[in-house]
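The values are calculated or read from the model by the stated rules, or taken from the named source; none is laboratory data. In this text the structure is predicted, and so the values were computed from the model without any measurement. Heads up, the Cβs are rebuilt from the backbone with ideal geometry, glycines too, and the neighbour counts pull from every protein chain shown.
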Amino acid sequence: MASKGKPSPRSAVKPLSDEQVARLDAKHHLVDPTRYYPTGPRTPNTAEINAQNPKATERLLEGVSKVLRNRSKVRAWGLERVPETGTFITAASHVTMYDVFVPMMSLFHMGRRPRYMAKAEMAKWPLIGRWFQLVGMQPVPRRSGQAKAIEEESIKIITSGRPLTIWPEGTVTRDPKKWVMSLKPGIGYIALESSRRLGRQVPIFCAVTWGAASINQWWPWPRKNVVMCYDGQLDYADLLADMDSWGEEPPADKVSELTMRVFRRMNEVMEEIRGERMPAEGYWDYRNMRRQAW
């Protein structure tokens, strides 16, 4: 049965152990994403870099990287999959606010400059809010009734050739056990409609981060392990087979199916990073604030 509940205190979350990190490293070869080109030589997307306030971006990147190195031991795998050119969508997990910075920093260090959808409140943060906007943030006003306008802006970013990062849960997970909770359907709609307008499948990559939920931000030492996986491209070509006959927008059932594929894959990757299985009773449904059977 589904059960109601409130998120557990952060102190109840087990840190990601050195032993689990060692197992992941043996299987995947973890790299340090707080440095430039951690997977080896790459061709940076110079045009994209120069178009996005390069000096402000570099300052923010340097500051974020130093903070993350100081407060945690960040490692990642799969970053060699980040395309050097062309548009793509990154669907990122959102366990804590710390998780926002890990994929952003990692993609910047791989020579790309994605735009990213983030809650509008962040744009009002002192000093750093202005920085966020300079380096590609697209403010999202929550509970504003502007979902279609936000989706359309996202689609325009993608069809212009720029990559886009989305946190498809819409906010920090409310799952008491800190798994990826139910996703907003925007990720499915944006990907399908962008693909239709471009006439080809827009790549989707899941970026899943775990470890930050155990960090005490007031006293983060000793540093905790944080690991991110930049997963392989999610295939949804079958959902695009009849896109010429969709009408004004993608069918709701296809949007729902793609959203669920992203959701399932994010939690599968989370299972591997954590070294444990999702709760047997199901996933956390944000709409009902309770655990729901698959």
* Restricting attention to segment 178-197, which residues are of a type in the set (A, V, I, L, M, F, W, C) and either within 21 Å of ALA237 (Cα to Cα) or without any contact (Cβ under 8 Å) to a residue 40 or more places away in the chain (or both)? -> LEU183, ILE187, ILE190, ALA191, LEU192
* Structure fact -> Going through segment 186-222 in order, the residues found to be modelled with pLDDT of 95 or more and assigned to a loop (DSSP other than H, G, I, E, B) are GLY199, ARG200, GLN201, VAL202, PRO203, GLY211
* To do: Inspect all residues belonging to segment 3-11 and state whether any of them is at pLDDT 95 or above and either within 17 Å of PRO163 (Cα to Cα) or among the charged types (D, E, K, R) (or both).
  => no
* Select from segment 158-177 the residues that are surrounded by 17 or more Cβ atoms within 10 Å (Cβ to Cβ) and either without any contact (Cβ under 8 Å) to a residue 60 or more places away in the chain or touching a His at 6+ places or on another chain (Cβ under 9 Å) (or both) and list them in ascending order. => TRP167, PRO168, GLU169, GLY170, VAL172, THR173
* Tell me, which residue of segment 280-294 that is surrounded by fewer than 14 Cβ atoms within 10 Å (Cβ to Cβ) and not hydrophobic (A, V, I, L, M, F, W, C) is nearest to ASP25 (Cα to Cα)? -> GLU281
* Read through the list (1) more than 13 Å from the chain's Cα centre (by Cα); (2) crowded, with 16+ Cβ neighbours inside 10 Å, then give the number of the only condition that LEU183 fails. => (1)
* For ARG287, work out the one condition from (1) in a helix (DSSP H, G or I); (2) basic (Lys, Arg); (3) within 22 Å of THR171 (Cβ to Cβ) it doesn't fulfil. => (1)
* Could you identify the single residue in ASN70, ASN50, ASN45 that is over 18 Å from ILE166 (Cβ atoms) and surrounded by 15 or more Cβ atoms within 10 Å (Cβ to Cβ)? => ASN45
* All positions within segment 50-72 that are of a type in the set (Gly, Ala, Ser) and in contact (Cβ under 8 Å) with a residue 12 or more places away in the chain -> ALA51, ALA56, SER65, SER72
* Structure fact -> Across (1) in contact (Cβ under 8 Å) with a residue 24 or more places away in the chain; (2) of a type in the set (D, E, K, R); (3) more than 21 Å from TYR116 (Cα to Cα), ARG200 clears everything bar (1)
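Which one of these is out of contact with any helix residue (DSSP H, G or I) (no Cβ under 8 Å at 6 or more places or on another chain), modelled with pLDDT of 95 or more and on the phi > 0 side of the Ramachandran plot: GLY247, GLY282, GLY275?
On the way: GLY247 fails: modelled with pLDDT of 95 or more; GLY275 fails: out of contact with any helix residue (DSSP H, G or I) (no Cβ under 8 Å at 6 or more places or on another chain).
Being out of contact with any helix residue (DSSP H, G or I) (no Cβ under 8 Å at 6 or more places or on another chain), modelled with pLDDT of 95 or more and on the phi > 0 side of the Ramachandran plot holds for just one of GLY247, GLY282, GLY275, which is GLY282.
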* Members of segment 238-288 found to be over 14 Å from LYS178 (Cβ atoms), out of contact with any strand residue (DSSP E or B) (no Cβ under 7 Å at 6 or more places or on another chain) and aliphatic (A, V, I, L, M), listed by number -> LEU239, LEU240, ALA241, MET243, ALA252, VAL255, LEU258, MET260, ALA280
* Return the only residue of MET270, MET260, MET278 being in a loop (DSSP other than H, G, I, E, B) and of a type in the set (A, V, I, L, M, F, W, C). => MET278
